[in-house]
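The values are calculated or read from the model by the stated rules, or taken from the named source; none is laboratory data. Note that the structure is a prediction, hence the values are computed from the model and not measured. Because the Cβ atoms are built from the backbone with ideal geometry, glycine has one as well, and the counts that use them run over all protein chains shown. Keep in mind that these areas ignore ligands, DNA and RNA; they rest on the heavy atoms of the full protein, side chains included. Shrake-Rupley method; radii C 1.70, N 1.55, O 1.52, S 1.80 Å.
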Amino acid sequence: MRLTVIGSGTSQPQVETPASGLLVETDTTAVMVDCGQGTIRQLMGVRDPRQLDAIVIGHMHADHYIDLVSLRYLLPWEGVAGEHLPVLLPPGGKARLDALASAVSERPRFFDDAYSVLEYDPEHRLHVGDLTLSFVAGRHYVPAWGCIITGPSGERLAISGDTGPSDEYVAAAAGAECAVIEATLVDARFDDPRRGHLTPEEAIDMADRAGAAEVVLVHFRAELQERIDRVCAARPGALAGRPGLVVKIAPASGRRATGIGGGASAALVSPAAEP
């Protein structure tokens, strides 16, 4: 299984990176987790976005899904599309996506004519090709989920999504070969009292408690880059999630980080749920 960081930014535009977007691939399957602003343009330098097997959205803040609009304009119009691209939204996401079509002055079925839009049940696993996805609730300002992706050889990638400190994530990510954890805050005192984001140090602590062999920090502003680099340098297996970072994930051993690599070809396969 291979992870490519497409975007590691936040809702604040920055020249260094698009917003949230992660590409997870095997030899036969390609899934994008989150689709924030600028990610589709960045993805086009790695693989054709039209060859994705599915897009999974963790929560309905714009920096995690707004580039579904950009991708839609790459896809065929009504009467031309063959198989629709599966877009897997959290509970309640379909109504928000429908409202977005109206907000961008498009027809009501703007997304449905090219996407197979499904709301996932976070209590169930999903299969997309040879990847299995399960979900873990985040601690955020709106309902949000991270996901645990299991590859064909049992290797596990634990993506936190947007979250504050979370014992639930730590439990779900226990023993994962690689964790991807947000690191948004300069200081936890500036967060909402109920918490919705992490500092870099809190992100590393969650990875340590989960026993993750590697951790990639994402969802941070440019002014945090030096601090991110420092905390990663102090923790073996920690990496700053810059666009183009590739992490190859194998069970128990064989992990290594590289530059951008070519994407594998994939056939469209609709996801199926299982309890």
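Data overview
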| read-out | value |
| --- | --- |
| Cα gyration tensor shape of the stretch 64-213, rounded if a/c is under 1.5, else prolate or oblate by comparing a/b with b/c | oblate |
| Choice from Leu224, Leu131, Leu89 showing the highest fluctuation, given a GNM over the chain with Cα pairs closer than 10 Å | Leu224 |
| Assigned charges on the beta-carbon of Lys, Arg, Asp, Glu; the chain dipole about Cα centre (debye) | 380 |
| Net lengthening on full extension, Ala95/Arg189 (0.36 nm per residue, minus Cα-Cα) | 30.5 nm |
| Theoretical ellipticity at 222 nm over the chain - DSSP helices of four or more residues, -39500 (n - 2.57) apiece, nearest 500 | -4500 deg cm²/dmol |
| DSSP beta bridge pairing in the chain, given as percent antiparallel to the nearest 5 | 60 |
| Rounded accessible area of His219 (nearest 10 Å², 1.4 Å probe) | 10 |
| Per residue, in Å², the accessible surface of the stretch 1-160 once ligands and nucleic acids are set aside, probe 1.4 Å | 38 |
| Sequence-separation-based contact order of the chain, relative, with Cα cut under 8 Å and 6+ spacing, percent | 21 |
| Trypsin sites (Lys or Arg not before Pro) within the stretch 64-146, DSSP loop, no more than 16 other Cβ atoms inside 10 Å | Arg109 |
| Mean-position separation - Cα centroids, the stretch 80-135 and the stretch 178-205, in angstrom | 28 |
| Antiparallel DSSP beta bridges within the stretch 21-175, as percent of all bridges there, nearest 5 | 65 |
| Sites matching GluC sites (Glu not before Pro) across the stretch 117-213 that sit in DSSP coil, with at most 14 neighbouring C-beta atoms within 10 Å | Glu123 |
| Cα lying deepest toward the dipole's positive end in the chain, options Phe220, Gly161, Trp145, charges on Cβ | Phe220 |
